Amino acid sequence: MLRIAVVGATGAVGRECLKLLDRGTVPVGRVVPVASPRSLGRRPAAELGLSLAVDPMTTVEALDPRELDVAVFCAGAELSSREAERLAAAGVLVVDNTSAFRMRPDVPLVVPQVNPAALARRPAGNLVANPNCSTIQLVRALHPLHELAELEGVVVATYQAASGGGLHGLAELAGESARLLADPEAQGAPNGRFGQPLAFNLVPEIGLQDDTGLSHEERKLVREPRKILGLPDLRVSATAVRVPVFHCHSEAAHIRLRRPVSTAQVEQALADTPGLRVYRRSDAAPSYPMPRTVFADDESRALVHVGRIRVEPQDPRSVAVWIVADNLWVGAALNAVQIVELAVKYGWLS
Ligand SMILES: NC(=O)c1ccc[n+]([C@@H]2O[C@H](COP(=O)([O-])OP(=O)(O)OC[C@H]3O[C@@H](n4cnc5c(N)ncnc54)[C@H](OP(=O)(O)O)[C@@H]3O)[C@@H](O)[C@H]2O)c1
């Protein structure tokens, strides 16, 4: 039975990790919750109604690697850069949810449904990176289309929820929305979690822009799919937008394939892919996924939802799709737990 630390156990992703571990898909013996010194004394098992054996809350500095098999890091890239390698070097398998190690050539960047072979052997450095939330749902929809007719490029616009900004992001959107409803003339906070006021607004910049004008989030969307799909020359163009939605990221993706396809072929390839739910025009209304319906129940939160599937009649190599998934589950905690499940399945993590 595994001894697993969840670093960031009081946060938006960490709490979902604990809930998912409680579902019993991973052989967990003991969970060690880790947060900042501010949270010492908190009792996540009671707060979340877990039946797992959960240790008292501790800090990352106090973790003893000899007492752990796995550490899931979800407490920011700065903390991961500082502490994850110490544990990995001491033999703990680290699954990192942050951007700290994703593009390092020696660290596998894994979406279990897309590139499981990257974990066929234990990584030499004991580090596995979880991709960015928007990347995961994108590559899970792209992968079957690549197998169908080979990807040439993709243009994607994202519509990203406030939960991507963590618990503070969710609270900020709720508070600002209430203030604006009470007083439509009220000014939002320009220096909050999203850089600009998010309530009743759209913010087309997630993370700082580089010299070329790409935002941090857009850079991840360009680079990470290439590494995961093993397509270093894949053309990806991205515009990432924060929207005043509490949960679930949405994406409009325009995909260019190397061979012509029909809408029926695309729908079938997606429908045959485990973990995807396909919406067809002929389905009962609404015949497309939306953040609120995807967040409505656990079964839906665990899936990537694809609708508005169109092949351009004048250009049957061009496909458009609308992709929605829960960034906290599919885009973070569930992917991390499924990485641990995969390591157990491959037999090198017992
Ligand atoms: N939210 C998403 O959709 C998403 C998706 C993919 C990846 N991620 C990544 O996952 C990470 C966590 O995101 P989040 O949304 O869960 O953020 P969050 O809600 O703000 O939670 C942050 C967590 O980090 C903990 N923490 C902060 N400083 C710490 C320290 N010095 N030592 C130990 N723990 C510390 C916090 O503990 P306290 O409560 O004690 O402050 C809290 O548990 C980020 O790197 C983020 O980029 C997030």
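Checking the a/c ratio against 1.5 first, then a/b against b/c, what shape does the Cα gyration tensor give for the range 174-216? Note, shape of the range 174-216 comes out prolate. Its Cα centre serving as origin, the chain has a Cβ charge dipole (Lys and Arg +1, Asp and Glu -1) of approximately 520 debye. Residue by residue, the range 58-70 carries 3J(HN,Hα) couplings of 9, 9, 5, 5, 8, 5, 9, x, 5, 9, 10, 9, 9 Hz when phi is fed to the Karplus relation 6.51 cos²θ - 1.76 cosθ + 1.60 (θ = phi - 60°); x denotes Gly or Pro.
Rounded to the nearest 500, the 222 nm mean residue ellipticity of the chain from helices alone is -9000 deg cm²/dmol, with -39,500 (n - 2.57) taken per DSSP H run of at least 4 residues. Summing charges over neighbours of S287, with a neighbour being any other residue whose Cβ is under 9 Å away from its Cβ, gives +2 when K and R count +1 and D and E count -1. The listed residues M1, M103 rank as M1, M103 when sorted by accessible area, largest first, using a 1.4 Å probe. By the gyration tensor of its Cα atoms, with a ≥ b ≥ c the square roots of the eigenvalues, what is the shape of the chain: rounded for a/c under 1.5, prolate for a/b over b/c, or oblate? Since a/c reaches 1.5 but b/c is at least a/b, the shape of the chain is classed as oblate.
Across the alpha-carbon atoms of the range 135-326, the computed radius of gyration and Dmax are 17.7, 54 angstrom.
Of the trypsin sites (Lys or Arg not before Pro) found in the range 225-307, those in coil by DSSP whose Cβ has at most 15 other Cβ atoms within 10 Å are R258, R280, R281. Note on the chain: with neighbouring protein chains present and a 1.4 Å probe, carbon and sulfur make up 52 percent of its accessible heavy-atom surface. Coupling constants for the range 291-299 follow from the phi torsions by the Karplus curve (6.51 cos²θ - 1.76 cosθ + 1.60, θ = phi - 60°), and in residue order they are x, 5, 6, 5, 7, 5, 8, 4, 4 Hz; glycine and proline get x.
When the range 135-326 is described by a simple charge dipole with +1 on each Lys and Arg Cβ and -1 on each Asp and Glu Cβ, the residue from T212, T273, I323 located farthest towards its positive end is T273.
The overall shape of the range 13-111, judged from the alpha-carbon gyration tensor, is prolate: a/c is not under 1.5, and a/b is greater than b/c. Solvent exposure of the chain amounts to 44 Å² per residue of accessible area, where only protein heavy atoms count and the probe is 1.4 Å.
V304 sits among other residues whose Cβ lies under 9 Å from its own Cβ, and their net charge, with Lys and Arg +1 and Asp and Glu -1, is +2. At an R0 of 35 angstrom, the distance between the Cβ atoms of A178 and V155 translates into a FRET efficiency of 0.45. This model, with +1 at the C-beta of Lys and Arg and -1 at the C-beta of Asp and Glu, gives the range 238-322 a dipole about its Cα centre of some 320 debye.
The values are calculated or read from the model by the stated rules, or taken from the named source; none is laboratory data. The structure presented is a predicted model; accordingly, all values stated were derived computationally and were not measured. Here the Cβ is made from the backbone with ideal geometry for all residues, glycine too, and neighbour counts use every protein chain on show. Protein only, heavy atoms only, side chains kept; ligands, DNA and RNA dropped before computing areas. Shrake-Rupley method; radii C 1.70, N 1.55, O 1.52, S 1.80 Å.
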